[in-house]
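J.: Shown below is the structure under consideration.
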Amino acid sequence: MSMNTNTAWWVNTNTDNTAWWVNTNTVWVLRCRTLLQVEILRVTMVLKYHPEMAWRNHSAITEFLLTGLSDDPLIEALLFVLFLGVYLLTMTGNLMMLLVIRADSHLHTPMYFFLSNLSFLDLCFSSVTVPKLLKDLLSEKKSISIEGCLAQVFFVFNTAGTEAFLLSMMAYDRYAAVCHPLLYGQIMSNELCLKLVLLSWLLASLSSVVIVLLAVNLDFCEAHTIHHYTCELPSLFPLACSDISINVDVLICSTLLHGLGTFLPIFFSYARIVSTILNMKSTTGRSKAFNTCSSHLIAVVLFFGSGLVRYLMPTSGSSLDLLSSLQYSAVTPMLNPLIYSLKNKE
């Protein structure tokens, strides 16, 4: 009787807390959604009825100049060798992951299906920024056309967004494997895994369209020097001479919706995983479950930590901006194959 009373109290308390959390965040989500809808409608009307106005800000400016990582030729030469090595390791490691997973039938499981997609994403993500960085390290003039800049903004956010969704779905896969091992095959069917990956690409693409619309609608004056090594939306805002308050709000809301929408499932999945591991009586079982999840946790921390810092912190052109971008766009894609290879015996 006492146990039932305690259980009822726990359920009621947590139900009240959950209801408060949902109501509070629902208001915040609705505000962000309204901002997104207003900005999309505004840009759509401009493109539809006054297409010449959408590009009037670009008529005088045909390209942007990038400050890059350094203006010292010796340092640039050293950085070229360093990032060439990083890029080659990224390509080699992720291609090897793809080939091994495809060749070995024992690895045709949901976890490795997601991992092969992660490797493909890392190939794409690294190729969006690193080749241009290598070219600029050897060039005296570091420039990029407006069209190329907008394309880079789109693909950076698209590949990064898809990877965030994919990491979230990999967390759910680990939750199903650890917490429901007997039903794992039924829960994570091949059809569901494919749908989850396609959904990741679709949602990230929609978010990327919103981000590019923000960039298209910016009014640039005479300033055309981007204090960065690549084109990212936060670096374009300081160049705008028009009011960017709505653009900043939309970017923050989009990033938070995207970040929280992918991070919260990871958090709740691992909360259940940790609870299940602590209740295991077998030390071997605990160790196996921990090893299964640790590699994914490391990848999540590396990716989300640097990505959220880049898009939520005010752009200052400081070393922190450069390091956070390099972390999630160049270093993390190189480390992912090493992390998963060392942590998985297969």
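J.: Please give the per residue accessible area of region 105-243, computed with a probe of 1.4 Å over protein heavy atoms only, in Å².
T.: Values: 5510 Å² over 139 residues.
With all protein chains present, region 105-243 gives 40 Å² per residue.
J.: Next up: Step through the residues of region 100-117 one at a time and calculate ³J(HN,Hα) from phi using the Karplus curve (6.51 cos²θ - 1.76 cosθ + 1.60, θ = phi - 60°), rounding each to whole Hz and writing x for Gly and Pro.
T.: So the Karplus estimates, Gly and Pro as x, are 5, 5, 6, 7, 9, 5, 5, 9, 7, 10, x, 4, 7, 5, 5, 5, 5, 5 Hz.
J.: I would also like to ask the following. So between Leu338 and Lys288, what do we pick up on full extension, going 0.36 nm a residue minus the alpha carbon distance? If you can, show how the numbers build up before the last one.
T.: Numbers: separation 50, 0.36 × 50 = 18.00 nm, distance 1.89 nm.
Full extension from Leu338 to Lys288 adds 16.1 nm.
J.: I need the P(r) histogram for region 148-288: all alpha carbon pairs, bin width 10 Å from 0 out to the longest distance, whole percents.
T.: 11, 31, 25, 17, 12, 5, 0
J.: Check Thr225: other-chain or 5+ apart residues with amide H under 5 Å from its amide H, H built from backbone geometry?
T.: Leu65
J.: If you don't mind, another one. So what are the ³J(HN,Hα) numbers for region 164-172, from phi and the Karplus equation (6.51, -1.76, 1.60; θ = phi - 60°), rounded to whole Hz, Gly and Pro as x?
T.: Couplings: 4, 5, 5, 4, 5, 6, 5, 5, 5 Hz.
J.: Please list, ordered by chain and number, the residues whose modelled amide H lies under 5 Å from the amide H of Ser143; skip anything fewer than 5 residues away on the same chain.
T.: Leu66
J.: Whole-Hz Karplus ³J(HN,Hα) for region 211-221, in order, using 6.51 cos²θ - 1.76 cosθ + 1.60 and θ = phi - 60°, x for Gly and Pro?
T.: 5, 5, 4, 4, 6, 4, 7, 6, 9, 9, 9
J.: So, taking all protein chains as they sit and a 1.4 Å probe, how much accessible area belongs to Met111, in Å² rounded to tens?
T.: Near enough 40 Å² of accessible area.
J.: Roll a 1.4 angstrom probe over the protein heavy atoms and tell me the percent of accessible area of region 122-224 that is carbon or sulfur. Kindly include the intermediate steps, with their values, before the conclusion.
T.: On the way: 2860 of 4220 Å².
Accessible surface attributable to carbon and sulfur in region 122-224 totals 68 percent.
J.: Run through all the Cα pairs of region 133-187 and give the fraction in each 10 Å bin from 0, expressed as whole percent.
T.: For region 133-187, the pair-distance distribution reads 20, 25, 20, 16, 14, 6, 0.
The values are calculated or read from the model by the stated rules, or taken from the named source; none is laboratory data. Owing to the predicted nature of the structure, the values given are computational and were not obtained by experimental measurement. Keep in mind that these areas ignore ligands, DNA and RNA; they rest on the heavy atoms of the full protein, side chains included. Shrake-Rupley method; radii C 1.70, N 1.55, O 1.52, S 1.80 Å.
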